[in-house]
Structure formats: structure tokens, C-alpha cells
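Structure record follows, encoded as C-alpha cells.
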Amino acid sequence: MSEPKRNRPEIGMLLFPGLNFLDLIGPHTVLAHSANVHLIWKNFDLLTVDLGIAVKPTTSMENCPKDLDVLFVGGGPGLTDAMQDRAFLDFLADRGGRAKYVTSVCSGSMLLGAAGLLRGYKATSHWAFRDLLPLFGAVPVHQRVVIDRNRITGGGVTAGIDFGFTLLSILFGENLAKAIQLANEYDPHPPFDAGTPEKAGPQITQAVLAQMGPRLEKVRELARKMNIQ
């Protein structure tokens, strides 16, 4: 099911403190079978993601391959700090300017936008952040995974698994993607049909938005200051 090492694309997955762990580990689980995956941060120190789990980078920004086949970034509670980290955004812009595919999951599209990598592209994000995409010059699309030329963006959190299989099929074809899907027994049947605002209803949606509201407004404020449109 895995590709020979000589054929393995180079995938750079950018880390930051407060990253949503599932944003990272969902696509990583799918892609690591067939690609060389680099977990990138400024140094090799352990950093803490949203669940309090420590993740160790496998390479630094300085040592990361210059030309990546895929550049990836997720979202999470650390989003607003990352949006204000000039070195982080400069790295995204630099590698994104050369990568074959520029990708994100969840609110990671806000980081691509902040780095100037979504201007003029269709994209998606976590449902609560999707209406902020025009602030970065992007065109929001209400889909689980959106492909626009070499930009591939996934919706919120668990959409990273769907994103991973979509990218895998682009890189290697559907047969390998299907084999990896079967090996991982990815056949979701959620116990509740409440995975979107439309399905969850207004009461539950408003409760979730109340929790996320301060972060949403901070991202909106930062985006307006960046004036990327």
C-alpha cells in the first residue's frame, strides 16, 4: 500500500503552539503511508498542541526542504498568535510560493490567507470561520474539501481525513487512496447528524459560536489590519 521511498513526495506540515491535534494527525495518518512527512517548527523543541499533548518537530524551518511537493497547515486555538508571528507567515509565504500544492484544514486557511496565499482562490475553512475568507481575498465555498488549481483546503477538524484521502488520490491515484482508506477502516457512521450548523440547528450552533466568538473576532480584527483583500 505504500509507495517506494524514491517516489515519495515531500510534505511539509507546519506546527505551532495551540495547533488542533486532529487537524494534524488526521491527514498525517492518511499521508504518511506514502510520503515523507516533515513536521516543521522554528526549532526541535517539543511544543504543546490544543489537547495538552507534546509534539516533537522533525525538522526546523531552516532545515526544511526548500521545494516541497505539499505545504500544509492546520488551525486551532493558537491561530491568532500564529497570525501575528512574522517569521511563521514569512515561512508560509516562501514555501507556499514554490510548493506544488498549498493546503490547509480547518482554520488553517486563515493562516494561508494571512500569508497572502489565498488571494483570488476558492477555499473553505471551519464553518465558523468560512465567512472571514473574503478578508484575505479568497472566495468561500461551502464544501468539505475545495480544490482550486493547486490550492486544496479542507473544512473543520475531521474534514482533515477527507482532505488527506483527496490529496492522496491526486498524488497517487484512487486505487492507493482506497486501499489506505480500507486499511484504516474509514467508514464513518456518526451517532448524531449534527456535524454542520444546518443539521445541528440554531440552538446548538449559537452555543458553539458563543464559545468561539472571541477568537473569531480577533481573527477578523487581525485580517482587517493586514488589508490583504
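The values are calculated or read from the model by the stated rules, or taken from the named source; none is laboratory data. These numbers were taken from a predicted model, which means no experiment stands behind them. Cβ sites come from the backbone with ideal geometry, for glycine too, and all protein chains shown count toward neighbours.
The condition of being at pLDDT below 95, under 14 Å from Phe129 (Cβ atoms) and either polar (S, T, N, Q) or assigned to a helix (DSSP H, G or I) (or both) holds for Arg215.
Say we look at segment 82-108 and pick out the residues that are within 19 Å of Leu47 (Cβ to Cβ) and either among the small types (Gly, Ala, Ser) or modelled with pLDDT under 95 (or both); which of these is surrounded by the fewest Cβ atoms within 10 Å (Cβ to Cβ)?
Initially, segment 82-108 is screened for residues within 19 Å of Leu47 (Cβ to Cβ), giving 82-92, 95, 104-108.
Checking the rest, the ones that are also either among the small types (Gly, Ala, Ser) or modelled with pLDDT under 95 (or both) come to 82, 87, 104, 107-108.
Values: Ala82: 24, Ala87: 9, Ser104: 30, Ser107: 31, Gly108: 30.
Checking each candidate, the answer is Ala87.
Within segment 122-131, being buried (at least 22 other Cβ atoms within 10 Å of the Cβ) and out of contact with any Phe, Trp or Tyr (no Cβ under 9 Å at 6 or more places or on another chain) holds for Thr124, Ser125, His126, Phe129. Quick one: which of Leu111, Leu71 is modelled with pLDDT of 95 or more, touching a strand residue (DSSP E or B) at 6+ places or on another chain (Cβ under 8 Å) and in a helix (DSSP H, G or I)? Answer to the selection: Leu111.
Number of residues in segment 114-153 that are in a loop (DSSP other than H, G, I, E, B), farther than 22 Å from Leu209 by Cβ and either polar (S, T, N, Q) or within 12 Å of the chain's Cα centre (by Cα) (or both) equals 1. Looking at Gly156, Gly160, which is the one that is outside any loop (DSSP other than H, G, I, E, B), within 22 Å of Val37 (Cβ to Cβ), within 15 Å of the chain's Cα centre (by Cα) and not β-branched (Val, Ile, Thr)? Gly160 is the lone residue from the list that is outside any loop (DSSP other than H, G, I, E, B), within 22 Å of Val37 (Cβ to Cβ), within 15 Å of the chain's Cα centre (by Cα) and not β-branched (Val, Ile, Thr).
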